[in-house]
2 protein chains.
Amino acid sequence: MDRYLVISSDCHAGLPPEQYREYVDPQFRDAFDVALPIQIEATQEAAKKFLVDDINAEWRNGQEEGLTGAWDSDARLKVLDRDGIAGEVIYPDGITEMNMPPFGAGISLPVEEVVPELQWAGARAHNRWLAELCQMAPERRAGMAIIPLLWDVDQGVQELRWAKQNGLKGCMLPVLWGKLEGYDHPKFDPFWAECQALGMVASFHSGPAPMNDYHADNPGMIGFYISEVCWFLARPLTAMIWGGVFERFPDLRVMFTEGTAVWVPEYLRLLDFRYADTPYSAKLGDYTSHMSMKPSEYFARNIMIGASCMPRREAEMRYEIGVGNLAWGSDYPHPEGTWPQTEGHLLETFMDLPEEELTPMLGGNLVQLFGFDEEKLAPLVAQIGPEKAAFRSSA
Amino acid sequence: MDRYLVISSDCHAGLPPEQYREYVDPQFRDAFDVALPIQIEATQEAAKKFLVDDINAEWRNGQEEGLTGAWDSDARLKVLDRDGIAGEVIYPDGITEMNMPPFGAGISLPVEEVVPELQWAGARAHNRWLAELCQMAPERRAGMAIIPLLWDVDQGVQELRWAKQNGLKGCMLPVLWGKLEGYDHPKFDPFWAECQALGMVASFHSGPAPMNDYHADNPGMIGFYISEVCWFLARPLTAMIWGGVFERFPDLRVMFTEGTAVWVPEYLRLLDFRYADTPYSAKLGDYTSHMSMKPSEYFARNIMIGASCMPRREAEMRYEIGVGNLAWGSDYPHPEGTWPQTEGHLLETFMDLPEEELTPMLGGNLVQLFGFDEEKLAPLVAQIGPEKAAFRSSA
C-alpha cells in the first residue's frame, strides 16, 4: 500500500434541531415543541459569546454543500473523500451552533439547569438518528452514543447495550459532574464492566468548562477559556486513574478528544510523582495499594488521545505521549478543523516522520480501538488516501 | 559571605483556636463562643479525611516544643535558627488541624457554607495577632494578611491598608471563587491598584480544591486530590493573565505558594500558544489586543512561585521556570515540610548549582519581593546560614 489509511478521531454530526422531533420518544414531543425555540435561541446566544459571526460566515462562504454533510450522508462522504479520510469517529454537535441534540444533550452535557429525564430523551433521540447515519456507511463510521451517565448508572448500562446492538462503537460521557458524584466513584463499575464486556469505547470530548467563569467584562475571556479547558477534560482521567478503574477493568479503553495532547507528558510525570513514595504519602496514608501500576502505565494501556488538528509540536512529543496513544482527528465540520485542506495540515504536522509511526497515528490506532475493517477500506484508501511518498521531503 | 541567606517562602502560624477570642471584634465574640466547638470538631473531621492520625502523631513525637512555634515567637525563632532559616513568609494554619483562624478564615477560605461577615471577622482577628507576632521579629517575618476579597473589593482595600500600616507585607486571597466573580473581572482593579501602590504582595496558597469531589469511597482519594490541587491554584493566575491585570498593573507582584512548580513550563507554553495567532483566534475573535506581552512575559515579570520543599527536579527546571521566579520554602510547621532537617533537604535539591543561582532562589528573590533587610540579617546569617562550601560536591 503506497497510501495511508486515515481515520479521523474527531468528527461531528447532528440534525437541524427541528428534525430531531421524529426521533424523540412520543411522550416527550410536547416538551420538544415547547423547548425547540428556546433551545435555538439559547444555542445561538452561547455561540455568540464564543464565536464571531462574521468570521464564521466568511469561513463558511462557499462551503455550504460540504456543511450539509453535518447530517447528510452522501454530502458527508464526498467531503471525507476529497479530504483523504477513509473513516471517522462521530461525536454530536455537527455545525457548532446549529445541530445540537435536544434538551441539553449535546457535547457540553450540563448537569445544572437541565431536567435529567429530558436530557436522556434528547440523548436517545440523537443516538437513534446517529445509528441510522452510521448504517449508511458502516465500514467508515464509528458513532459515539451520548450517555448522560452521571444521573443513573443502570440507565447508562441500558443505553450502552442499545448502542452496541444498533451498531454504535462507543459512547460520549459528560466531562463535568458538578455536585454529582464523579468518575472515581465505585458506583460506576457496572458501566465500566459493560463497556469492557461489549468492547465499547468510553469517551470524553473537550469543550465543557465552568462557562459562567468567563465574563464578557474580560476582553481576554476566550483566552482564559481555551487555556484551561483541557484541564477540565483531564479531570475524569485523573478521577478514573486514582479510583482504580483501570486496575479493575484492564481492557476498558477510554478516549479523550480535542483537548490537545501537549499537557500529557507533564501530567503523567506529576501523577507518577504523586504515586511514588514521597513525604506526602507518609502523612496522608495509603492511597496507592489498590493500584498495581503507575498512572503512566494505565495511560499507556487504556487511554487514547483524540488529537484533533494535531500540531507539529504534538507530533514531536509522540514518544512521551505514546505513538500508540495518539489518534489524529480533523474536527469536521467545525471551522477550526483541518477540513477542507486536510492533506496540507497532515504534511505540516507529520513531514518526515517514519512510516511505522504515521501508520498508527493516522489511522491504525483507531483500527485497533474501534475495529475498523482495513481490508474493506483498502480499495477506498487506494483511491483517496494521502500518498506516503508525499510525507518524505527527500522524495 | 560564606553562608547563604535562606528565607522560607512558605511558613505557617496560628493560635490555638480559643486564643483567637480576644482578637475578634467584640460584637462577634458571642458568635465566636458558639462557633468554637463546632469549628474544632469540623476541623478535626476534615483533618481525619486527609491526614492519618497515628502517622502524624509519630511524626510529632519529640517535636512538641518546636511545634509550639506555630504561635510562640521564641520557640519559633529557635526552630528557624536550628534550621538555618533567617527569614520567613508567614501564612495562616500553623499546625494543620489545630490552629485555624475562626469562622472559616483559614487557608481554604471557602465561599460556600460560610457567613461572609463572620469570615471577614475571623480574618481580621488573625491579622491582628499576626501583626503582633511579626512585630516581635520584624526583620525576619513577612506576614500575609488574610483577605476574603471575593465578597467585597472595598473592604479588601481597607484591610490591605490596615495590614500595610501594621507591618504586614502582603495578603493571601481565596483560591476558589465558586459562583462568585473570579480574578479576571475588572471589578478587582481598585484592589490590584492598592497592592501595587503600597508594594503589598498578593498571594495564593495551595490547598483549596472541590473537596466534595474526593469521596471516601475511593481508596485513591488522596492521590486524586494531590494530583489536581495545583491546577486549582493556577486558575487565579490564568484568570489574571487573560484579564489583563498585569498589563494594567505592571508592578503588581503575585506569589503562588506550595503548588509545586513542575507544571509551570508547560503551562506557559500552552498559554503562549493560545496567545499566538492560531486557527482558534480567527474563529473566536480578538482576545489578545488588550495584552502587549505574551503570558510567559507577564509571568517572568510579575509572578513568584513559593516553591515549598522544592525537589531536585524543579531545581533542574529552573531556567524554564525562571531563576528569578522561584523562592524555596520550608513549610514549617507542617509535617510534609523540610523542618527539622532543612539543610539535608537543601543539599539534596541544590547540590552543585552555581552560587549566583542559589543566592536568589534560597532567599534573594524574597529580599527583593518583600524588602527583607540583608544588612540587618547578615550577623544572623553568619551564625546560622548553611555554608556555601557544603553545596559543592568537589569541596
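Summary of values
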| read-out | value |
| --- | --- |
| Test: residue in the range A:263-283 that is away from chain B (no Cβ under 11 Å), farther than 26 Å from A:GLU336 by Cβ and either among the charged types (D, E, K, R) or within 20 Å of the chain's Cα centre (by Cα) (or both) | yes |
| Filter result (part of a loop (DSSP other than H, G, I, E, B), within 14 Å of B:ASP93 (Cα to Cα) and touching a Gly at 6+ places or on another chain (Cβ under 7 Å)) within the range B:11-70 | B:ALA13, B:GLY14, B:ALA70 |
| Candidate set: the range B:219-235, residues that are aromatic (Phe, Trp, Tyr) and more than 7 Å from chain A (Cβ to nearest Cβ); chosen: the one surrounded by the fewest Cβ atoms within 10 Å (Cβ to Cβ) | B:PHE232 |
| Qualifying residue in the range A:24-40 (condition: among the acidic types (Asp, Glu), within 25 Å of A:ARG141 (Cβ to Cβ) and over 24 Å from the mean Cα position of the chain (by Cα)) | yes |
| Neighbours by Cβ (under 9 Å, 6+ apart or cross-chain): first from the range A:371-384, acidic (Asp, Glu); second surrounded by 12 or more Cβ atoms within 10 Å (Cβ to Cβ) | A:ASP373/A:GLU139; A:ASP373/A:VAL367; A:GLU374/A:LEU5; A:GLU374/A:GLY363; A:GLU374/A:GLY364; A:GLU374/A:VAL367; A:GLU374/A:VAL381 |
| Any hit, the range A:152-159, residues being within 21 Å of the chain's Cα centre (by Cα), surrounded by fewer than 18 Cβ atoms within 10 Å (Cβ to Cβ), modelled with pLDDT of 95 or more and small (Gly, Ala, Ser) | no |
| Some residue of the range B:175-187 being away from every other protein chain (no Cβ under 14 Å) and touching a strand residue (DSSP E or B) at 6+ places or on another chain (Cβ under 9 Å) | no |
| Output for the range B:67-110, where each listed residue is of a type in the set (Ser, Thr, Tyr) and either under 22 Å from B:PHE372 (Cβ atoms) or surrounded by fewer than 24 Cβ atoms within 10 Å (Cβ to Cβ) (or both) | B:THR68, B:SER73, B:TYR91, B:SER108 |
| A:SER296 being within 14 Å of another protein chain (Cβ to nearest Cβ), small (Gly, Ala, Ser) and outside any helix (DSSP H, G or I) | no |
| Residue that is farthest from B:GLY244 (Cα to Cα) [pool: residues in the range B:334-348 that are away from every other protein chain (no Cβ under 12 Å) and buried (at least 22 other Cβ atoms within 10 Å of the Cβ)] | B:THR342 |
| Some residue of the range B:311-323 being touching a Phe, Trp or Tyr at 6+ places or on another chain (Cβ under 7 Å) and touching a residue at least 12 places away in the same chain (Cβ under 8 Å) | yes |
| Output for the range A:212-231, where each listed residue is in contact with a Ser or Thr (Cβ under 8 Å, 6 or more places away or on another chain) and touching a residue at least 12 places away in the same chain (Cβ under 8 Å) | A:GLU228, A:VAL229, A:CYS230 |
| Selection from the range A:303-333 of residues that are of a type outside the set (A, V, I, L, M, F, W, C) and crowded, with 24+ Cβ neighbours inside 10 Å | A:GLY306, A:SER308, A:GLY329, A:SER330, A:TYR332, A:PRO333 |
| Among (1) in a loop (DSSP other than H, G, I, E, B); (2) over 24 Å from A:ARG301 (Cβ atoms); (3) away from every other protein chain (no Cβ under 14 Å) - the single one A:GLU159 does not satisfy | (1) |
| Total residues in the range B:47-86, condition of a type in the set (Phe, Trp, Tyr) and within 13 Å of chain A (Cβ to nearest Cβ) | 2 |
| Check on A:ILE241, under 25 Å from B:ALA209 (Cβ atoms), surrounded by 17 or more Cβ atoms within 10 Å (Cβ to Cβ), within 14 Å of chain B (Cβ to nearest Cβ) and modelled with pLDDT under 95 | no |
| Single condition A:LYS49 does not satisfy, out of (1) crowded, with 17+ Cβ neighbours inside 10 Å; (2) at negative phi; (3) under 23 Å from the mean Cα position of the chain (by Cα) | (1) |
| Residue in the range A:197-218 that is farthest from the other protein chains (Cβ to nearest Cβ), counting only those that are farther than 24 Å from A:HIS12 by Cβ and out of contact with any helix residue (DSSP H, G or I) (no Cβ under 9 Å at 6 or more places or on another chain) | A:ALA197 |
| Odd one out for B:ILE90, checked against (1) in contact with a strand residue (DSSP E or B) (Cβ under 7 Å, 6 or more places away or on another chain); (2) within 14 Å of another protein chain (Cβ to nearest Cβ); (3) not charged (D, E, K, R) | (2) |
| Test result for B:PHE32, in contact with a Phe, Trp or Tyr (Cβ under 8 Å, 6 or more places away or on another chain) and within 14 Å of chain A (Cβ to nearest Cβ) | no |
| Test: residue in the range B:109-130 that is closer than 19 Å to B:GLY167 by Cα, in a helix (DSSP H, G or I) and touching a Gly at 6+ places or on another chain (Cβ under 6 Å) | yes |
| Hey, A:LEU252 buried (at least 19 other Cβ atoms within 10 Å of the Cβ), touching a helix residue (DSSP H, G or I) at 6+ places or on another chain (Cβ under 9 Å), at the interface with chain B (Cβ under 7 Å from one of its Cβ atoms) and among the aliphatic types (A, V, I, L, M) or not | no |
| Residue count, the range A:10-45 (criterion: in contact (Cβ under 8 Å) with a residue 60 or more places away in the chain and among the hydrophobic types (A, V, I, L, M, F, W, C)) | 9 |
| Residue in the range A:132-156 that is nearest to the other protein chains (Cβ to nearest Cβ), counting only those that are over 24 Å from A:LEU233 (Cβ atoms) and among the hydrophobic types (A, V, I, L, M, F, W, C) | A:LEU133 |
| Unmet requirement for B:ALA307, which otherwise passes all of (1) in a loop (DSSP other than H, G, I, E, B); (2) touching an Asp or Glu at 6+ places or on another chain (Cβ under 7 Å) | (1) |
| Spans of helices (runs of 4 or more DSSP H) in the range A:183-284 with at least 3 residues within 30 Å of B:LEU150 (Cβ to Cβ) | A:221-242, A:264-275, A:279-284 |
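For (1) aliphatic (A, V, I, L, M); (2) closer than 20 Å to B:MET304 by Cβ, each residue gets a yes or a no:
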site	(1), (2)
B:LEU353	yes, yes
B:GLU357	no, yes
B:ASN365	no, yes
B:LEU369	yes, yes
B:PHE372	no, yes
B:LYS376	no, no
B:VAL381	yes, no
B:PRO386	no, no
B:ARG392	no, no
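The values are calculated or read from the model by the stated rules, or taken from the named source; none is laboratory data. What you see is a predicted model; the values in this text were computed from it and never measured. No Cβ is skipped: glycine too gets one built from the backbone with ideal geometry, and neighbour counts run over all protein chains shown.
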